[in-house]
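Undergrad: A single structure is presented below for examination.
The values are calculated or read from the model by the stated rules, or taken from the named source; none is laboratory data. Source: prediction; values computed, not measured. When we count neighbours, we look across all protein chains shown, and the Cβ atoms used for this are built from the backbone with ideal geometry, even at glycine. Remember, those area values only see protein heavy atoms, side chains included, never the ligands or the DNA or RNA. Shrake-Rupley method; radii C 1.70, N 1.55, O 1.52, S 1.80 Å.
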4 protein chains.
Amino acid sequence: YGKNTIKFLRLHKEGKKHFVKEVEVCTHLRLTSAQEYLDGNNSLVIPTDTIKNIVLVLAKKNGIPTLEQFAIDICKHFMTTFCQVAYVKTYVQEVPWQRLHENGVPHIHSFICVPDGIRFCEAEQCRNGPLIVFAGIKDLKLMKTTQSGFEGFYKNEHTTLPERHDRILCGELFCKWSYGECKDFDFDCIWYIKIRECILEAFSGPPDCGEYSLSYQKTVNSIQMLVLSKVSQVQVIEVVLNNTFYNVVDMKNLGLTNDKEVLVPVEAPYGSCACTLARKKFLEA
Amino acid sequence: YGKNTIKFLRLHKEGKKHFVKEVEVCTHLRLTSAQEYLDGNNSLVIPTDTIKNIVLVLAKKNGIPTLEQFAIDICKHFMTTFCQVAYVKTYVQEVPWQRLHENGVPHIHSFICVPDGIRFCEAEQCRNGPLIVFAGIKDLKLMKTTQSGFEGFYKNEHTTLPERHDRILCGELFCKWSYGECKDFDFDCIWYIKIRECILEAFSGPPDCGEYSLSYQKTVNSIQMLVLSKVSQVQVIEVVLNNTFYNVVDMKNLGLTNDKEVLVPVEAPYGSCACTLARKKFLEA
Amino acid sequence: YGKNTIKFLRLHKEGKKHFVKEVEVCTHLRLTSAQEYLDGNNSLVIPTDTIKNIVLVLAKKNGIPTLEQFAIDICKHFMTTFCQVAYVKTYVQEVPWQRLHENGVPHIHSFICVPDGIRFCEAEQCRNGPLIVFAGIKDLKLMKTTQSGFEGFYKNEHTTLPERHDRILCGELFCKWSYGECKDFDFDCIWYIKIRECILEAFSGPPDCGEYSLSYQKTVNSIQMLVLSKVSQVQVIEVVLNNTFYNVVDMKNLGLTNDKEVLVPVEAPYGSCACTLARKKFLEA
Amino acid sequence: YGKNTIKFLRLHKEGKKHFVKEVEVCTHLRLTSAQEYLDGNNSLVIPTDTIKNIVLVLAKKNGIPTLEQFAIDICKHFMTTFCQVAYVKTYVQEVPWQRLHENGVPHIHSFICVPDGIRFCEAEQCRNGPLIVFAGIKDLKLMKTTQSGFEGFYKNEHTTLPERHDRILCGELFCKWSYGECKDFDFDCIWYIKIRECILEAFSGPPDCGEYSLSYQKTVNSIQMLVLSKVSQVQVIEVVLNNTFYNVVDMKNLGLTNDKEVLVPVEAPYGSCACTLARKKFLEA
């Protein structure tokens, strides 16, 4: 297969107000043929340069109403236009430009980059198969300074970790979910208002007291359960949590008692936990 | 000279509410001696490990009321404690954790990382000299989709750039300023409410119409002028703008007219412009 | 599942001569249970910290005779020791320290880092399944300044790429292959003397004249074919070539004819092509 | 001031043999005027695009005989051509492509990237001042597994570091030196044969036994002293050593004695030591 990445900006105006989307689009193609590899016969090969042109032309003609719709458009174009394409996958990721506000007033043409979680989506299709749409968030860094522990784990002669009931829970989240049959979903609303909010809520618990996390694994599961219960369009959800561990600095040798006030990040071991949960499994649970 | 970097978390509680600062502290020291280099005589060398301990102990004892105050505390400690120190500089940079909000309600112990411009400061002192405090913002990415041009520049046989009066202005800002005599400044308020707002305002102009930028250089100068005029505590301000250029994609060969709707970032040449402006110079201007 | 990464150095001496391996080990585990996710019951969870200890203890006890043997040792340890482990995969990557030479004389204890392709391997096993070993090279950057073209490709209304018969072929190679039944292979010899040499030879052709490449795809295939034909221990080989494109700079406006003397890298579109070839397929071809 | 960076490839042939240099050139300019900042008057501003064209044209016309000569050519061009230029600095860095060898035979047109220390140089000139040339190496990673210690350092109540006489010395070197009056130096020979060899020799000592290092600082100084004594063209040399510390893993809790066999890198505190030594100082010492 082959893939290629192109980054560009799509502007549009409504009256004097400007809108901007900067996206990175990665298109994977697998052809029905193998002759380009075996014989160097390029007659079915679609050059990277052509793929780039197609993506830019579609952006020019259709705009980018939502990331998901744009990915769907690209997929459909390749499947419809090129009979040598056996499989196509389009990944679209957005640079998080937000409109600037001055004293609460939105600016008509100025933007600031606010990378508090990157939105992405994927559309993929095999020839004669359904078009499947995924969406997700990545690079979302969250921290709870209390209400987290890790106890009762498996122990043997290689165990040196003490049990802890008040540690820091900090990590970088990756979540990716698939939508079922893609009717006319309001992809923006589902992403921002529903799923992102669910993730933050499940991670942190009620604002006035939080909710105790028994482990990174349990927090991963809580996020999945809440999204599946609140957002009916989601069929399957995968969550990966890259953990950053913090150790309370031992200050005894320095004559001080450090009551979880000063902590240093532990670079290694660096861990992550991941789980994929599907709706059916969820209903059975 | 020697320098070293340590990263850590400082937590504190007020009732049930948690507060967190994660900082990276880099301490530069220059000693009065040269014997450690010339003879390998280490008797005056302060090990990296000791410097780390001192930074952590100061964080434990004093907390981090503001980045600037913490940098000042570290500088003073080294200058006071070690007579072999000829010069000390402390750079402190903050990981941009923000309190999470759920439906507008602030969470008591959950945070999200929002890197829309990184806050940093520096305190430096030579033995027998004044303690000088700098503060700054870096990695602040801004974009104007109109109201920007570049015309009337110098031309010769190597010029191929066309004049433009409606280009994209996009870049990553670095601003660093020095405070005069450091009395009891409210460093947090000056940084967030005053200077950051000035930078955004000077970059983008009024929210309803913006302000035409004649060049990256002029925009750099506008930022400096506004900060110096609005924030009396600032004595000198340096601004560096790393430019990202965007080209309107030529779609003639593809049978389309691209009216500044689809643009691609130009990776190279990659440029930046920088200027340092002091209050005196400003008054003369 | 969960995974974690640990980086460490393993030293050993033979007489006065020092040997060093610095490795990064990433261990993936999937447990037979789901209760840690669903109920927060941690009783079967093996903490990251314990995994780290096991890896370090095995390195201490057995050393790292080869990367592959070390990965096998770790896999076997987890499968044997923990009955709750359903699947284990160990990835080991080496920091490319090479012994320093002074005027051709090898130094007994000094090393230089020479990252001209990173060696890695993987061992994986499902409970009751075979232990499979992979090895590979990544971040290997190669360039041919001639003997490369791309012609006869598929064309339509979105095609703007001209045909070329003398372009630059430049890219970053990733190759990963699996060994069949792992008897007492000399993993170091196979990697360095055989496979690495095959890759370089297939990429570049004979030293005095090279060999014309019809496309990136054909070059990928040539590498696979040569490895499979020359190295009987290899069963399957995957090759990914991340392409860097270079454009001859058009200097007509500057009054010059640029005869493929000055070229600039094209940052986007950024492409790659990949193919996996197994021995059986090869024999049939 | 303004600066910009351009990356490109310069090919040339001698008979059938190909030669390639891939360089990154960064040009800093400071103009005599300030009007472009203060008034947005661009009439003296040399656009980034023009600077790029000039660099490419010079590469096309003169080739890149050595990095240093190319940097000198660029400097001279700007100083001679533009009377509004008050200061120019050109930094040139080389992508470390090396000719491929097959069984010892050099390939006529294939290259491999071997980043074991990056070569760079700088030429700078103020109007009416001399043209000064610097050269250097960066990202050179070296390690000694023994013959290194750190003892007799300054101690007080914040000291927790134990004295060590057999630690790992590992770091990333940055060296930059200036040449005096630039006559017809053989820049390539000085860089490769002389200075690079001096650095490696001073870092590691004789190949059969090494040489004990009393500290990172002393090793920095040894490098400087050897270069100044062996290479008469060097006037001033700056060396920065970014230290990577390794800790012997304490395996007592795991029932094992770790005799400096397994060590883990310490991510923080991360330190560096730096020193600049000039010939005059050297002679007096």
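Undergrad: Quick check on C:CYS170: is it open to solvent by less than 40 Å² (accessible area, probe 1.4 Å), outside the structural domain of C:GLN69 (by the TED database), in contact (Cβ under 8 Å) with a residue 12 or more places away in the chain and touching a helix residue (DSSP H, G or I) at 6+ places or on another chain (Cβ under 7 Å)?
TA: Considered against the rule, which asks whether it is open to solvent by less than 40 Å² (accessible area, probe 1.4 Å), outside the structural domain of C:GLN69 (by the TED database), in contact (Cβ under 8 Å) with a residue 12 or more places away in the chain and touching a helix residue (DSSP H, G or I) at 6+ places or on another chain (Cβ under 7 Å), C:CYS170 comes out as no.
Undergrad: Check whether at least one residue in segment D:177-194 is open to solvent by less than 20 Å² (accessible area, probe 1.4 Å) and farther than 21 Å from D:LEU131 by Cβ, and report yes or no.
TA: No, segment D:177-194 contains no residue that is open to solvent by less than 20 Å² (accessible area, probe 1.4 Å) and farther than 21 Å from D:LEU131 by Cβ.
Undergrad: Would you call A:ALA59 in contact with a Cys (Cβ under 8 Å, 6 or more places away or on another chain), more than 10 Å from chain C (Cβ to nearest Cβ) and at pLDDT 95 or above?
TA: No; evaluated as a whole, the condition is false for this residue.
Undergrad: Continuing with this model, one more query. Of the residues that sit in segment B:223-241 and are more than 9 Å from every other protein chain (Cβ to nearest Cβ) and not aliphatic (A, V, I, L, M), which one is most open to solvent (accessible area, probe 1.4 Å)?
TA: Residue satisfying both the conditions and the ranking: B:LYS230.
Undergrad: Quick check on my filter: what residues within segment D:135-151 are surrounded by 20 or more Cβ atoms within 10 Å (Cβ to Cβ) and among the basic types (Lys, Arg)?
TA: D:LYS141, D:LYS144
Undergrad: Next up: Report, ordered by the first and then the second residue, all pairs with beta carbons closer than 8 Å, sequence separation of six or more or different chains, a first member in segment C:98-115 that is more than 7 Å from chain D (Cβ to nearest Cβ) and open to solvent by 60 Å² or more (accessible area, probe 1.4 Å), and a second member that is aliphatic (A, V, I, L, M) and part of a loop (DSSP other than H, G, I, E, B).
TA: Here the result reads C:GLN98/C:VAL114, each pair linking segment C:98-115 to a residue that is aliphatic (A, V, I, L, M) and part of a loop (DSSP other than H, G, I, E, B).
Undergrad: Looking for whichever is open to solvent by less than 60 Å² (accessible area, probe 1.4 Å) and within 14 Å of chain C (Cβ to nearest Cβ) here; the options are A:LYS260, A:LYS218. Which one fits? Steps first, please.
TA: Values: A:LYS260 fails: within 14 Å of chain C (Cβ to nearest Cβ).
Testing whether each residue is open to solvent by less than 60 Å² (accessible area, probe 1.4 Å) and within 14 Å of chain C (Cβ to nearest Cβ) leaves just A:LYS218.
Undergrad: It is to be established whether one or more residues within segment A:2-20 are open to solvent by less than 10 Å² (accessible area, probe 1.4 Å), assigned by the TED database to the domain that holds A:TRP97 and among the charged types (D, E, K, R).
TA: no
Undergrad: Related question: Restricting attention to segment B:275-284, does a residue exist that is in contact with a helix residue (DSSP H, G or I) (Cβ under 9 Å, 6 or more places away or on another chain), within 14 Å of chain D (Cβ to nearest Cβ) and among the acidic types (Asp, Glu)?
TA: no
Undergrad: If you take the residues of segment B:153-179 that are within 17 Å of B:GLU261 (Cβ to Cβ) and either basic (Lys, Arg) or more than 12 Å from chain A (Cβ to nearest Cβ) (or both), which of them is nearest to the chain's Cα centre (by Cα)?
TA: In the first step, residues of segment B:153-179 are kept if they are within 17 Å of B:GLU261 (Cβ to Cβ); the result is B:164, B:166-168, B:170.
Within this subset, residues satisfying the condition of being either basic (Lys, Arg) or more than 12 Å from chain A (Cβ to nearest Cβ) (or both) are B:164, B:167.
Working: B:ARG164: 30, B:ARG167: 26 Å.
Checking each candidate, the answer is B:ARG167.
Undergrad: Select from segment C:116-134 the residues that are without any contact (Cβ under 8 Å) to a residue 60 or more places away in the chain and open to solvent by less than 10 Å² (accessible area, probe 1.4 Å) and write down the one among them that is farthest from D:THR146 (Cα to Cα).
TA: Applying the filter and picking the extreme gives C:ALA123.
Undergrad: Out of segment C:79-97, which residues are open to solvent by 10 Å² or more (accessible area, probe 1.4 Å) and under 21 Å from C:HIS12 (Cβ atoms)?
TA: Listed by number, the residues that qualify are C:GLN93, C:GLU94, C:VAL95, C:PRO96, C:TRP97.
Undergrad: Select from segment D:116-130 the residues that are in contact with a strand residue (DSSP E or B) (Cβ under 8 Å, 6 or more places away or on another chain) and away from every other protein chain (no Cβ under 14 Å) and list them in ascending order.
TA: D:ARG119, D:PHE120, D:CYS121, D:GLU122, D:ALA123, D:GLU124, D:GLN125, D:CYS126, D:ARG127
Undergrad: Do we find a residue being more than 25 Å from the chain's Cα centre (by Cα) and either closer than 30 Å to B:VAL114 by Cβ or among the charged types (D, E, K, R) (or both) anywhere in segment A:63-84? If you could, list the steps in order and put the result at the bottom.
TA: Going residue by residue through segment A:63-84, those that are more than 25 Å from the chain's Cα centre (by Cα) are A:79-84.
Right, trim to either closer than 30 Å to B:VAL114 by Cβ or among the charged types (D, E, K, R) (or both) and you get none.
No, that holds for no residue.
Undergrad: Among the residues of segment C:33-44, which ones are modelled with pLDDT of 95 or more and open to solvent by less than 20 Å² (accessible area, probe 1.4 Å)?
TA: Across segment C:33-44, the qualifying residue is only C:ASN42.
Undergrad: Still on this model: Going by what's in this entry, would D:THR276 be described as in contact (Cβ under 8 Å) with a residue 12 or more places away in the chain, over 30 Å from A:LEU263 (Cβ atoms) and open to solvent by less than 50 Å² (accessible area, probe 1.4 Å)?
TA: When the stated conditions are applied, D:THR276 does not pass them.
Undergrad: Here is a check on your reading of the model: is D:PHE150 within 10 Å of chain C (Cβ to nearest Cβ) and in contact (Cβ under 8 Å) with a residue 24 or more places away in the chain?
TA: Judged against the criteria, D:PHE150 is not a match.
Undergrad: Would segment A:242-251 turn up any residue that is more than 9 Å from every other protein chain (Cβ to nearest Cβ) and either buried (at least 21 other Cβ atoms within 10 Å of the Cβ) or hydroxyl-bearing (Ser, Thr, Tyr) (or both)? Spell out the reasoning first.
TA: Let us first name the residues in segment A:242-251 that are more than 9 Å from every other protein chain (Cβ to nearest Cβ), namely A:242, A:244, A:247-248, A:250.
Checking the rest, the ones that are also either buried (at least 21 other Cβ atoms within 10 Å of the Cβ) or hydroxyl-bearing (Ser, Thr, Tyr) (or both) come to A:244.
Yes: segment A:242-251 contains one or more residues that are more than 9 Å from every other protein chain (Cβ to nearest Cβ) and either buried (at least 21 other Cβ atoms within 10 Å of the Cβ) or hydroxyl-bearing (Ser, Thr, Tyr) (or both).
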